[in-house]
Every structure is written in structure tokens, then in C-alpha cells.
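**Q** Would you mind keeping the following structure in view while I ask a few things?
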Amino acid sequence: MLTRMSTLFLRTLREDPADAEVPSHRLLVRAGYVRRVAPGVFSWLPLGYRVFRNVERVVREEMDAAGFQEVHFPALLPREPYERTNRWTEYGPNLFRLADRRGADYLLGPTHEEMFTLLVKDLYSSYKDLPLCLYQIQTKYRDEARPRAGILRGREFVMKDSYSFDTTDAGLEASYQRHRDAYIRTFDRMRLQYTIVSAMSGAMGGSASEEFLAACDVGEDTYVRCTTCDYAANVEAVASVAPPPVPLDGLPAAHVEDTPDTPTIETLVALSNARPELARADRPWHAGDTLKNVVVKVVQPDGSSAPLVVGLPGDREVDLKRLEAVLLPGEPVAFEEADFAAHPALVKGYIGPGALGADKPAGIRYLLDPRVVEGTRWITGANQPGRHVFDLVAGRDFVGDGWIDVAEVREGDPCPVCAAAGREGALTQARGIEIGHIFQLGRKYAEALDLTVLDEHGRQVVVTMGSYGIGVSRAVAAIAEQHHDDKGLVWPREIAPADVHLVATGKDEAVFEAAEGLAAGLVESGVRVMLDDRRGVSPGVKFNDSELIGVPLIVVVGKKLVDGVVEVKDRASGERRDLAVDGAVSGIAAQVRALP
RNA sequence: CGGGGCGUAGCGCAGUGGCUAGCGCGCCUGCUUUGGGGGCAGGAGAUCGGGAGUUCGAAUCUCCCCGCCCCGACCA
């Protein structure tokens with residue numbers, strides 16, 4: 001394959017585009033790979049489309065190698081299947097909707113679970129047909145409230161989505177594992193550095209869902225890793241470690257105190273330490289000694305709502321994402337003045353365990369952070385304005401209706417796996433881009449769409465499913481994020497738009513003839529060549545373009561040609577060497593094959 | 001949806017009441033230069049986001065609208 005820069009549809013930009021913030025967006029636009037069309041909607045130019053198809057090819061090859069079968073659904077879908085799963089409604093404003101000339105409703109597919117499930121239901125009805133894994137590489141549409149970071153989060157994007165169909169839990173586990181292995185091979189070939197994190201808390205069952213997060217500071221996901229073991233999880237899925245319970249004997253009795261002018265945790269702690277009769281003997285009070293009771297209103301899909309109070313140490317905030325994940329399908333909304341008026345038992349700013357719990361007159365559900373174990377003593381609200389209760393002991397003076405693990409996760413928090421094993425391991429936080437997600441859907445979905453097969457005893461059994469996704473267009477951006485320097489992109493070979501960027505410099509006709517000859521020889525031996533055969537373009541421009549575009553090997557045919565040599569530079573390492581023109585083809589071809 | 005910022009040539013920007021709207025890059029023509037975005041000369045390219053208003057006069061002031069970017073909310 002030979003690409004001539006003299007005719008290539010390309011215009012590199014000398015300056016950064018004003019609307020691009022993150023490196024991948026900036027460089028992909030500057031190097032002439034993509035152009036923005038609308039918010040979150042991009043066109044792929046020749047170089048960019050080549051890179052895109054390389055990523056797509058790697059995905060397809062690994063899916064095929066794993067034995068999965070490719071299908072292709074339309075992006076334009078009728079309303080009916082999505083009505084059957086209630087997603088026409090549930091998807092809300094994120095769904096691109098349209099109507100045909102008769103007024104019939106259509107949508108642009110945001111994901112295709114319905115279509116896959118119904119297709120299998122349509123054609124298969126025996127356990128003998130399973131297991132089955134189908135996949136497609138499809139353009140997806142989601143009307144994101146805020147697309148961002150170029151092609152990292154678009155409204156139109158390309159995704160590989162697969163679905164597995166099994167009759168047994170063990171079968172699902174095996175299908176899941178096959179996908180996991182295929183994903184590892186896929187992302188390794190793309191030279192992405194990533195972490196596989198648990199996307200569900202341990203309580204909900206271990207490996208049922210994992211995300212592949214490419215390490216990247218501008219990524220949208222926050223995850224934790226243990227410094228001593230291999231535990232890794234999305235922050236939404238981290239299980240907090242409860243401290244050991246404290247014996248109740250000898251703990252001071254609870255006492256209610258006037259605490260005027262203490263609207264915040266800080267002022268409350270300051271007052272508690274300032275007044276001698278309230279101070280602790282062993283150490284000063286900390287914010288973490290206060291029990292903060294956060295009230296939210298939980299709205300259920302049927303429209304009903306009820307207050308929920310979460311009790312947690314005062315030095316931590318409730319992590320909204322974690323809370324939402326736990327409350328699904330309910331949705332937490334802010335508790336407003338009108339809500340307080342409707343629940344007089346809740347004294348704003350002074351809510352305490354004394355008024356809380358399903359068994360109390362007010363009947364308000366009260367859930368506790370795992371750190372509020374038996375024997376811990378707290379300063380907390382006394383359910384009267386201007387008063388707090390001190391030395392209120394969990395398990396002695398109050399209990400919750402249960403536990404809820406929704407406090408923010410912090411750098412340095414203990415690792416749950418290490419804690420369970422009696423080791424000391426701490427969590428560190430990092431940001432990542434979600435490039436893949438594997439998920440054991442189970443039977444819930446098949447039940448909703450009535451996907452059953454007959455088993456060997458002739459009984460109807462509900463199929464169990466897995467769903468698996470790779471963001472193909474997003475992977476292009478993720479690779480760009482991880483493979484660039486201050487001069488431009490630095491593609492891994494398999495992803496790069498060419499293997500060799502052959503630059504002819506100067507105005508000596510012999511240089512161009514030699515470059516043409518070299519290019520022809522390389523193409524002959526199977527090397528993909530991009531030849532900068534532009535006349536009258538200064539060497540500086542050509543060098544800068546070659547570095548910006550990021551092809552892994554740069555070969556310069558120029559002033560050294562009179563000595564019979566050309567220069568070969570590794571884009572990633574910057575290493576360069578001179579090579580005799582005679583035999584340069586085989587030398588370069590060998591170096592190309594040795595590239596990562 | 002809340003907060004912030006920005007809309008002037010293909011791109012990056014200057015111009016805050018004055019007559020013909022400017023600079024750099026890019027583009028076209030000619031000459032020159034050829035190992036790090038070179039030089040000289042000439043040229044094309046703009047409904048100054050849109051509308052309404054104030055004024056002798058509006059890119060500039062006022063009002064309304066639209067769009068884009070960033071942060072947050074949201075995100076199978």
C-alpha cells in the first residue's frame with residue numbers, strides 16, 4: 001500500500017484548534033484525522049478512517065477467533081421492540097427519536113439488546129442450539145446531555161456489542177470468560193495499558209460485571225487499586241471495610257447538650273473540643289466522630305416516594321453515584337423544604353438516630369454506613385434545634401434498619417480483599433477511560449422478552465444471557481491518549497495508518513527518484529508506505545508533519561543520499577540510524593516487523 | 001438543567017462609538033530558498049452568529065434569540 005502525500009486529502013494544522021482540550025481531540029484534529037460536524041459528531045478523514053478501521057479489524061479478528069459470529073442490525077429501529085422492554089420510555093431524552101412519513105415512531109439504536117434477544121427467540125428453541133455468541137460492530141446513537149472530549153464521548157459512536165446465550169449458569173460463566181480472554185487479547189494488540197476493574201460491589205457477586213479502563217487522566221471513570229494485592233474496582237463498586245466492633249462495657253453514657261451556633265460539622269467539633277465538660281479524655285474530637293444523617297427522597301419508578309436517612313461519619317460525603325447504584329430502580333432526589341414540612345420528625349440540621357428507624361413513630365427508614373459498627377461512640381443530632389447528643393453508642397443506644405455503603409471512597413482507604421485476609425492494603429485512586437465492559441445479564445432480560453428453549457427433559461427454560469461491549473471509536477481516542485508526545489501522535493504499528501513514513505527532502509531529483517524506488521521496494525515486500533513526495537515543501541514542514549501524524553517508522557531520503565545512505569528513525573524512541581540505500585528495503589522491512 | 005467562557009476570513013487571534021475591519025498561519029501567482037513550519041512581491045477570501053433597537057454613524061452600546069466550548073448534574 002502506497003499513500004502519496006502529494007495527493008492525500010490532508011491538511012495538518014499548525015495551531016491547536018480552540019475547542020479541543022484533551023490531547024487525543026487536539027492531535028486528531030491537528031493531524032487531519034477527524035473533523036467535528038456537530039457536538040459529539042465527527043467525520044473521519046482518510047488517515048483517521050484508516051486508523052479507525054485498523055482498530056475495528058483487530059476487534060473483529062479477535063471476536064472471530066473466539067468463535068463469535070458477526071451479524072449486523074440496522075441503526076434505524078422501530079419503536080415496538082423497545083416498547084416491549086419499556087425502554088422507549090425509560091431511555092428518556094437520551095434516545096434519538098424520529099417518525100416516518102406516516103407518523104410511525106422510530107429510534108436510532110442506543111444499544112441492541114432487544115434486537116439480539118428477539119432474533120434468537122425468533123430462530124432458536126432448543127438447548128441443542130446453545131451456547132451461542134453473536135456480535136456486531138454498529139454505529140450507536142445516544143443524545144448525551146453533554147458530549148465531551150472529542151471522540152471520547154460522542155453522540156454518534158461505534159461500538160462492538162456481543163451477547164451470549166446459555167441454558168445454565170455454568171455456561172454463562174464460560175461464555176463470560178471467553179469474552180474476557182478475547183478482550184484481553186484485543187486490548188493488548190492495541191497496546192493499550194488498562195486495568196480490569198470490578199464494576200459491581202462484592203456483595204452483589206464478584207465477577208458478574210467488569211470494566212476495562214484505559215489509564216488516562218482525562219478519563220471519566222474513577223477507580224481504585226490496592227497497593228499490595230490485585231484488587232481493582234470502579235469507585236461505584238468499592239466495598240467499604242468495617243472496623244472491628246468495640247466492647248460496650250465501660251463506655252460513657254449518652255448525654256444531650258446545648259450546642260448553639262453549630263450549623264456545620266466543623267463548628268460542632270470546635271465547640272466540643274473547646275468546652276471541657278464535652279472534651280474527650282483520650283484525644284480531641286474529630287469530624288469523623290460525628291454521625292452525619294443525610295436525608296434524601298427516594299422516588300420509585302411508579303412515582304411513589306419515601307424519605308431515606310443515611311447515617312455516616314461526618315468527615316465523609318455521600319457519593320451520589322454510589323447511592324444511585326444502590327437505590328436502583330429508585331432514584332434519589334434532594335430533600336426540600338416542603339419535604340421537611342411533611343416530616344416534622346426530621347429537624348433540619350439536627351437529625352439524629354433517636355427519631356429514625358422503621359420501628360419509630362415516624363417510620364423513616366434509616367440505613368448506616370458500615371463504619372458505624374457496634375461500640376462506636378458518636379456526636380449526633382438530638383432532633384431538637386440547637387442540641388446534639390454526645391457519646392451515643394451504636395448497638396447500645398441505637399441501631400439502623402440495615403447497612404448502606406454509599407460514602408465517598410478516599411485515597412488510602414483500606415482494601416476490602418486485604419482486610420478480609422487479615423492483611424493491610426490501601427487503595428489508590430486513578431482515572432480511566434471505559435473501553436470495554438463485560439456483564440453477566442442473567443435471566444432477567446430473557447424473562448422480560450420471553451426467550452426460552454426446551455431443555456433435554458422437554459421443559460421450557462429461560463435462557464441466561466451476557467452482554468459485552470467495546471467502544472471502537474472510543475478506543476481510537478484512548479490509544480491516542482496513551483500514545484502521543486509533545487510533537488504528535490505515536491501509533492502502535494497495527495493501528496497506524498502506515499508502517500513507514502518515507503520523507504523525501506530537498507529539490508534534488510535524484511532524491512525523489514531514490515525515494516520512489518525505495519517506496520516501491522517496500523510496498524513490494526508488504527510494507528505499508530506513506531511517501532512524502534510533495535515538491536517545493538521545506539524539510540522542516542515535512543519533518544513536523546511526519547512527527548505529528550505518528551507513523552511508527554520515519555525514513556528520510558535527503559542530503560545523505562550522496563553518501564549512499566538514508567536515515568531511519570523510530571518515532572516512539574527517537575532512535576535513528578543510517579542505512580545504506582542498497583539493501584535498505586530489507587533492513588527497513590525487518591525493522592517494521594520487529595515493531596510493537 | 002445549573003455555573004463559567006466564547007462567537008470577527010479555512011484555522012488561531014486583535015479590534016470596546018468614527019469614516020476603507022486588521023494581524024499570523026493556510027490558500028493562489030511570480031521570484032528565491034531547501035535538514036526543522038525560510039524570504040520578497042502581488043492577490044483571492046468576511047452577511048463581524050441572527051434579529052430588533054439606540055445613534056448622524058454600531059463589530060463596538062441595549063434587548064431578544066441562536067450556536068459552540070469548559071465545569072457540574074445526567075450517562076445500557
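**Q** What do you get for the angle between helix A:539-549 and the principal long axis of chain A? Use alpha-carbon atoms, 0 to 90 degrees, nearest ten.
**A** Approximately 40 degrees, to the nearest 10.
**Q** Same structure, new question: Cα atoms only: what Rg and Dmax, in Å, come out for the range A:115-224?
**A** When restricted to the Cα atoms of the range A:115-224, Rg and Dmax are 16.6, 48 Å.
**Q** Which three lengths, in whole Å and largest first, does the range A:392-531 cover when its Cα atoms are put on their principal axes?
**A** Projected onto the principal axes, the Cα atoms of the range A:392-531 cover 91, 57, 26 Å.
**Q** What's the angle, to the nearest 10 degrees (0 to 90), between helix A:113-123's Cα axis and the longest principal axis of chain A?
**A** Tilt relative to chain A: about 80 degrees.
**Q** Tell me, what % of the accessible area of the range A:255-403 is carbon and sulfur with a 1.4 angstrom probe?
**A** Ligands and nucleic acids excluded, carbon and sulfur give 56 percent.
**Q** Based on alpha-carbon centroids, what's the gap between the range A:103-121 and the range A:514-584 in Å, whole number please?
**A** 50
**Q** Now a separate question. How large, in percent, is the carbon and sulfur part of the accessible surface of the range A:498-593 at a probe radius of 1.4 Å?
**A** Roughly 53 percent of what the probe reaches on the range A:498-593 is carbon or sulfur.
**Q** Given Cβ point charges of +1 (Lys, Arg) and -1 (Asp, Glu) and nothing else, what value in debye, to the nearest 20, does the dipole of chain A about its Cα centre take?
**A** 1480
**Q** Could you tell me which of A:Asn273, A:Ser305, A:Pro539 has its Cα farthest along the dipole of chain A towards the positive end, charges placed at Cβ (Lys, Arg +1; Asp, Glu -1), taken about the Cα centre?
**A** Sorting the options by dipole projection puts first A:Pro539.
**Q** While we're looking at this one, here's another question. Filter A:Lys321/A:Lys444; A:Lys507/A:Lys560; A:Lys140/A:Lys160; A:Lys292/A:Lys348 down to the pairs with a C-alpha to C-alpha distance above 20 Å, please.
**A** Beyond 20 Å between Cα atoms: A:Lys321/A:Lys444.
**Q** Oh, and also: Measuring from the lowest to the highest alpha carbon on each principal axis, how far does chain A reach, largest first, in angstroms?
**A** That works out to 95, 67, 50 Å along the principal axes.
**Q** Still on this model: Would you mind computing the Rg to Rh ratio of the range A:498-593 from its alpha-carbon coordinates, Kirkwood style for Rh?
**A** 0.91
**Q** Along the range A:436-453, what does the Karplus equation 6.51 cos²θ - 1.76 cosθ + 1.60 (θ = phi - 60°) give for ³J(HN,Hα), rounded to whole Hz, x for Gly and Pro?
**A** Running phi through 6.51 cos²θ - 1.76 cosθ + 1.60 with θ = phi - 60° gives x, 8, 10, 8, 7, 5, x, 9, 3, 5, 4, 5, 4, 9, 6, 9, 10, 10 Hz.
**Q** Give me the accessible area per residue for the range A:255-403, probe 1.4 Å, as a whole number in Å².
**A** Result: 47 Å² per residue.
**Q** A follow-up question, please. On a 0 to 90° scale, report how tilted helix A:509-524 is relative to the longest principal axis of chain A, with both axes built from alpha carbons and the result rounded to the nearest 10.
**A** Roughly 60 degrees, rounded to the nearest 10.
**Q** Return one whole number: the accessible area per residue of the range A:498-593 in Å², for a 1.4 Å probe.
**A** Here the per-residue accessible area is 42 Å².
**Q** Take the range A:429-500, drop everything but the C-alpha atoms, weight them equally and run the Debye formula without solvent; then report log10 I(q)/I(0) at 0.25 Å⁻¹ to two decimals.
**A** With one equal scatterer per Cα and no solvent, log10 I(q)/I(0) is -1.12.
**Q** Expressed as a rounded percentage, what relative contact order does chain A have, with Cα pairs under 8 Å and six or more residues apart?
**A** Relative contact order, chain A: 17 percent.
**Q** When the Cα centres of the range A:307-331 and the range A:18-42 are compared, how far apart do they sit, in Å?
**A** Rounded to whole Å, the Cα centres lie 37 Å apart.
**Q** Just the C-alpha atoms of the range A:1-72: what Rg/Rh do they give, with Rh taken as the Kirkwood radius?
**A** Rounded to two decimals, Rg over Rh is 1.09.
**Q** Using each residue's phi in the range A:422-433, evaluate 6.51 cos²θ - 1.76 cosθ + 1.60 at θ = phi - 60° and report the 3J(HN,Hα) Karplus result to the nearest Hz, with x for Gly and Pro.
**A** x, 9, 10, x, 10, 9, 10, 9, 8, 10, x, 9
**Q** At q = 0.19, 0.21 Å⁻¹, what base-10 log of I(q)/I(0) does the Debye formula yield for the range A:255-403 when every alpha carbon is treated as an equal point scatterer in vacuo?
**A** Computed log10 I(q)/I(0) values: -1.18, -1.41.
**Q** While we're here: Quote the Stokes-Einstein diffusion coefficient, in whole µm² s⁻¹, for the range A:181-323, based on the Kirkwood radius over alpha carbon pairs, a temperature of 25 °C and a viscosity of 0.890 mPa s.
**A** After rounding, the answer is 125 µm²/s.
**Q** Per DSSP helix of 4 or more residues, -39500 (n - 2.57); summed, then divided by the residues of chain A. What does that give at 222 nm, rounded to the nearest 500?
**A** -7500 deg cm²/dmol
The values are calculated or read from the model by the stated rules, or taken from the named source; none is laboratory data. What you see is a predicted model, and the numbers here were worked out from it, not measured in a lab. Cβ coordinates were reconstructed from backbone atoms using ideal geometry, including for glycine residues, and neighbour counts include every protein chain displayed. Remember, those area values only see protein heavy atoms, side chains included, never the ligands or the DNA or RNA. Shrake-Rupley method; radii C 1.70, N 1.55, O 1.52, S 1.80 Å.
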